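Take a look at the structure below.
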Amino acid sequence: MKTLTRTVALVMILLFVLTAAACAEGWNGTITIVQSSDVIGFDPTASTDTNNKNVLKNMVSRLYETDDYFNPVPVLAQSYTQVDDYTWEFKIAQGVQFHDGSILKVEDVIYSLERAKEKSSSGKTLLGPVEKFEKIDDETLRITTSTVYGSLLTALSNSACTILSQAWIEKAEAGECDWDEVIKNGATGRYILGNRDIGNQCVLLKNDNYFDPDDAAQNDKLIFRIIPEATTRTIMVQTGEADVNVNFDTAAMADCLIDPNVEVLEHESSTIYYIALNCEKGPFTNKQLRQAVAWAINRSDCLEVGYNGYGKVWSNVWAPTVYGAKDDPYTYDMEKAAALVTASGYAGQEIKACVKTDAEERIAQVVQAYLGMVGINMSYTRIDNTILTEVMSNNEYDMAFDYTAFYNDPELFVGRQFQASGIGAKNYAHYTNSTVDELMEKAKATLNEEERAEIYHQINTILCDDCPWIGMFNSNLYALARTGIIGVNINVETTYWYNTIRYEK
């Protein structure tokens with residue numbers, strides 16, 4: 001048996017090496033990526049969907065990006081000086097070309113950031129403490145804040161803070177062009193928008209004039225194929241029709257781990273799968289009914305069917321990586337759930353939920369069964385990922401199954417997920433709480449990290465008790481790539497940089 005096992009292992013290694021060599025030898029510089037949903041639009045102030053951001057972020061630049069663990073890394077801002085607690089000065093990279101050949105100016109940076117603060121729900125929160133953006137000279141931007149804001153650099157790395165050409169934005173807002181044209185001409189990123197076939201694919205071409213040649217694209221073309229069906233995405237990578245699957249369904253994990261043609265890539269994450277409950281309209285305006293849902297669900301079963309057990313049960317509304325998320329407050333307790341349903345006065349009316357992915361649909365089936373055991377009548381509908389924000393903004397559903405990644409610092413996400421500024425965007429629950437608002441303001445003005453962490457814990461405790469979201473589990477991140485592919489950079493935010501992807505020679 002040992003000899004047979006060793007022989008099989010040697011054969012697998014040989015197949016792996018031969019497959020990798022064959023792929024590298026025939027590579028033409030193109031990388032084909034399959035993802036589950038299409039681009040919604042290219043306006044960075046309106047883009048919240050992960051797959052949308054996966055495409056957009058590779059064509060644009062910001063003052064800062066984040067590394068694998070949300071640490072800010074300078075891009076268009078080559079350096080900064082903190083003049084005092086409220087004043088920051090940034091040196092902007094010189095000679096940076098937009099895709100139309102025009103040169104980036106400090107005025108473009110200011111216009112983009114002011115627009116993000118005005119129009120984006122994320123920008124309103126992340127740039128809320130900013131009092132003023134001003135030009136000091138042709139290479140210096142000054143940002144003045146109203147409070148101490150230690151998270152400013154990370155805030156500037158958010159996708160809403162993308163820097164674009166003022167001239168091209170103004171054309172779009174005047175109706176003279178669409179946002180495809182803005183990104184094709186008025187961005188500065190590593191890739192330029194080629195052609196886009198809505199619902200089918202989007203093609204990006206290497207930007208040969210990218211301002212940092214040491215960090216330029218190491219491939220010539222990216223083709224994003226839109227493949228909603230999870231099994232099809234996996235098969236396309238296994239057969240070589242695609243190179244990378246960024247929405248890998250772990251249902252295929254066992255098969256892929258023994259396939260010499262592919263490699264499963266793994267990264268820890270700050271992502272949780274959760275259910276948003278509409279606190280503004282319908283049966284979940286009742287807090288006891290929301291709490292009943294939190295107690296009624298066996299999360300181990302949800303993790304198993306949704307992610308094949310690859311992760312950990314987690315009932316908190318924040319990821320375990322977040323400051324202040326100390327507790328896992330809910331377990332599976334059918335008796336508590338049933339008692340809360342009775343106390344809520346719920347009369348058995350239909351509760352409508354929406355799902356977007358295969359994994360969410362499997363989770364919804366489990367949740368539906370457990371809620372039925374305590375008398376909650378839930379149905380679900382599958383919708384396209386691109387309309388989730390719209391349908392939840394319009395109160396069309398009582399529940400939304402979703403997943404999201406978290407910054408480590410609550411200052412960077414609480415506003416858009418659990419405060420009024422996020423309604424119409426990521427606050428799918430339409431949740432507000434004046435005590436949370438007051439504590440967030442207190443945290444922003446607190447310099448001591450231990451004291452801030454304690455305030456965040458108070459906020460987290462309130463949110464877990466109010467149950468606008470029901471945490472399900474914390475998942476690892478997985479992507480599937482052809483054997484021989486290197487440079488697939490998975491970020492804890494669940495978005496990807498594609499400029500380093502290539503076949504190893």
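Between residue 365 and residue 504, what is the FRET efficiency for a Förster distance of 35 Å, r being their Cβ-Cβ separation, to the nearest 0.05?
0.30
Obtain the nm distance between the two label points defined at residue 373 and residue 30 by a simple spin-label model: each point lies 7 Å from its Cα along the Cα-to-C-beta direction.
It is 5.1 nm.
How much length is gained if the chain between residue 84 and residue 420 is pulled fully straight, taking 0.36 nm per residue apart and subtracting their Cα-Cα distance, in nm to one decimal?
117.9 nm
Positive end of the charge dipole of the range 269-476 (Lys, Arg +1 and Asp, Glu -1 on Cβ, about the Cα centre): tell me which of 288, 383, 462 has its Cα farthest that way.
Final value for the positive-end residue is 383.
Using modelled amide H (1.01 Å from N, peptide plane; none on Pro or chain starts), what sits under 5 Å from the amide H of residue 473, excluding residues fewer than 5 places away?
Close amide H contacts, sequence-distant or interchain: 273, 314.
Looking at the range 259-315, which GluC sites (Glu not before Pro) are in a loop (DSSP not H, G, I, E or B) and have at most 16 other Cβ atoms within 10 Å?
Answer by residue number: 280.
Using a Förster distance of 45 angstrom, determine the FRET efficiency expected from the C-beta separation of residue 285 and residue 200, and round it to 0.05.
Here the calculated transfer efficiency is 0.65.
Assign one of three labels to the range 365-505, namely rounded, prolate or oblate, based on the Cα gyration tensor with a ≥ b ≥ c the square roots of its eigenvalues; rounded applies when a/c is under 1.5, prolate when it is not and a/b is larger than b/c, and oblate otherwise.
Taking the square roots of the gyration eigenvalues as a ≥ b ≥ c, the range 365-505 is oblate.
When the dipole is taken about the Cα centre of the range 136-198, and only Lys, Arg (+1) and Asp, Glu (-1) are charged at their Cβ, what size is it in debye, to the nearest 20?
Roughly 280 debye, rounded to the nearest 20.
Out of 175, 272, 55, whose Cα points farthest toward the positive end of the dipole of the chain (charges: +1 Lys, Arg; -1 Asp, Glu; placed on Cβ)?
272
Using the Karplus curve 6.51 cos²θ - 1.76 cosθ + 1.60 with θ = phi - 60°, work out ³J(HN,Hα) for each residue of the range 419-424 in order, rounded to whole Hz, and write x for Gly and Pro.
The phi angles translate into 10, 4, 5, x, 5, x Hz.
Given the C-alpha centroids of the range 49-127 and the range 221-249, what is the distance between them in whole angstrom?
Computed from Cα coordinates, the inter-centre distance equals 31 Å.
Using a/c under 1.5 as the rounded threshold, could you call the chain rounded, prolate or oblate? The axes a ≥ b ≥ c are square roots of the C-alpha gyration tensor eigenvalues, and prolate needs a/b larger than b/c, oblate otherwise.
It comes out oblate by the Cα gyration axes.
Between rounded, prolate and oblate, where does the range 273-325 land on the alpha carbon gyration tensor, with a ≥ b ≥ c its root eigenvalues, rounded for a/c under 1.5, else prolate if a/b exceeds b/c?
It comes out oblate by the Cα gyration axes.
In the chain, which helices (entire DSSP H runs) extend 30 Å or more along their own long axis, judged by Cα positions, while averaging at least -1.0 on the Kyte-Doolittle scale?
Helix filter hits for the chain: 2-25.
Just how large is the dipole of the chain about the Cα centre, in debye to the nearest 20, putting +1 at every Lys and Arg Cβ and -1 at every Asp and Glu Cβ?
Approximately 760 debye in magnitude.
Rounded to the nearest 20 debye, what is the charge dipole size of the range 269-476 about its Cα centre when +1 sits on each Lys and Arg Cβ and -1 on each Asp and Glu Cβ?
280
With a point put 7 Å past each Cα toward its Cβ, work out how far residue 221 is from residue 347 in nm, to one decimal.
6.2
Which chymotrypsin sites (Phe, Trp or Tyr not before Pro) in the range 81-111 sit in a loop by DSSP (not H, G, I, E or B) and have at most 16 other Cβ atoms within 10 Å of their own Cβ?
Counting only loop positions with at most 16 other Cβ atoms within 10 Å, the chymotrypsin sites (Phe, Trp or Tyr not before Pro) in the range 81-111 are 86.
Considering only 141, 157, 93, whose Cα is most displaced toward the positive end of the charge dipole of the range 61-168, charges sitting on Cβ of Lys, Arg (+1) and Asp, Glu (-1)?
Going by the Cα projections, it comes out as 157.
Where a number appears in this text, it was derived from the coordinates with a stated rule and is not lab data. Source: prediction; values computed, not measured. Cβ coordinates were reconstructed from backbone atoms using ideal geometry, including for glycine residues, and neighbour counts include every protein chain displayed.
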